[in-house]
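Reviewing the structure listed below.
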Amino acid sequence: GAGVSQTPSNKVTEKGKYVELRCDPISGHTALYWYRQSLGQGPEFLIYFQGTGAADDSGLPNDRFFAVRPEGSVSTLKIQRTERGDSAVYLCASSKGQGVMTEAFFGQGTRLTVV
Amino acid sequence: GQNIDQPTEMTATEGAIVQINCTYQTSGFNGLFWYQQHAGEAPTFLSYNVLDGLEEKGRFSSFLSRSKGYSYLLLKELQMKDSASYLCVPSGNTPLVFGKGTRLSVIA
């Protein structure tokens, strides 16, 4: 696609529920990143995929968070038993090439609100 | 590990020049990105420095000193639309890690 697409743009869910956030990267980009951003803070790294595999998942806060990228393109971030503290904007970015030096393009994010 | 230090907030006048400084410590340094983020929007790429020196791109320039772990972003002829957060992002062995950035307010 022309850019990184994230759906939904907004998601309101009740505490304890399960949510899935989707990211469609730019076609041909092998690297995909998930970040989350709270108000007044910079993007916080969650997980990085190179192709289908998670090259670095050290930023996932706990085992309620999980992400997949089964075919090396679309990725889904899954959050179980959501808590109010999970409320944030979840950003996805993609870049081409094998290294981490190439420019990352961001989607517009999914604003998650846990009530 | 990674450590990024830049001012939290800056204010400058429309038409003026502003320099946003960044010092960093990172393992396996490859280069340094600057991103711009307007409130409520996603970050967008501004520049990437690999070699020491100044890279100029229109009203924006970015400088890097690898030996000092220092970079700055220079914005000339400031416009109101330049009000945004500016994120200094060193690229090392880990995926891009962002700090809080510098929130720039441009006033008339």
Scanning for something over 19 Å from residue A:94 (Cα atoms), buried (at least 17 other Cβ atoms within 10 Å of the Cβ) and under 12 Å from the mean Cα position of the chain (by Cα), does the range B:27-48 turn up at least one residue? no
How many of the residues making up the range A:73-100 are part of a loop (DSSP other than H, G, I, E, B), surrounded by fewer than 17 Cβ atoms within 10 Å (Cβ to Cβ) and in contact with a Phe, Trp or Tyr (Cβ under 8 Å, 6 or more places away or on another chain)? 2
Filter the range A:52-91 for residues that are among the charged types (D, E, K, R) and within 17 Å of residue A:29 (Cβ to Cβ) and give the result. A:56, A:69, A:71
Consider residue B:16 carefully, then state whether it is in a loop (DSSP other than H, G, I, E, B), more than 14 Å from chain A (Cβ to nearest Cβ) and either touching a strand residue (DSSP E or B) at 6+ places or on another chain (Cβ under 9 Å) or closer than 30 Å to residue A:54 by Cα (or both). yes
For the range B:46-73, enumerate the residues that are farther than 19 Å from residue B:5 by Cα and either in contact (Cβ under 8 Å) with a residue 60 or more places away in the chain or among the aromatic types (Phe, Trp, Tyr) (or both). B:60
Counting only residues in the range B:26-45 that are assigned to a loop (DSSP other than H, G, I, E, B) and not polar (S, T, N, Q), the one nearest to the other protein chains (Cβ to nearest Cβ) is identified as B:42
Here, strands (runs of 3 or more DSSP E) confined to the range A:1-63 with at least 1 residues that are under 23 Å from residue B:40 (Cβ atoms) are A:5-7, A:10-13, A:19-24, A:31-37, A:44-50
Just a yes or no: is a residue in the range A:42-50 over 10 Å from the mean Cα position of the chain (by Cα), facing chain B (nearest Cβ under 8 Å) and without any contact (Cβ under 8 Å) to a residue 12 or more places away in the chain? yes
Wholly within the range B:58-104, strands (runs of 3 or more DSSP E) carrying at least 2 residues that are farther than 16 Å from residue A:59 by Cβ, within 11 Å of chain A (Cβ to nearest Cβ) and in contact with a strand residue (DSSP E or B) (Cβ under 6 Å, 6 or more places away or on another chain): B:84-91
Kindly establish whether residue B:51 is assigned to a loop (DSSP other than H, G, I, E, B) and modelled with pLDDT of 95 or more. no
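The values are calculated or read from the model by the stated rules, or taken from the named source; none is laboratory data. Quick caveat: nothing in here was measured; it's all calculated off a predicted structure. Please note: Cβ atoms are built from the backbone with ideal geometry, for glycine as well, and neighbour counts cover all protein chains shown.
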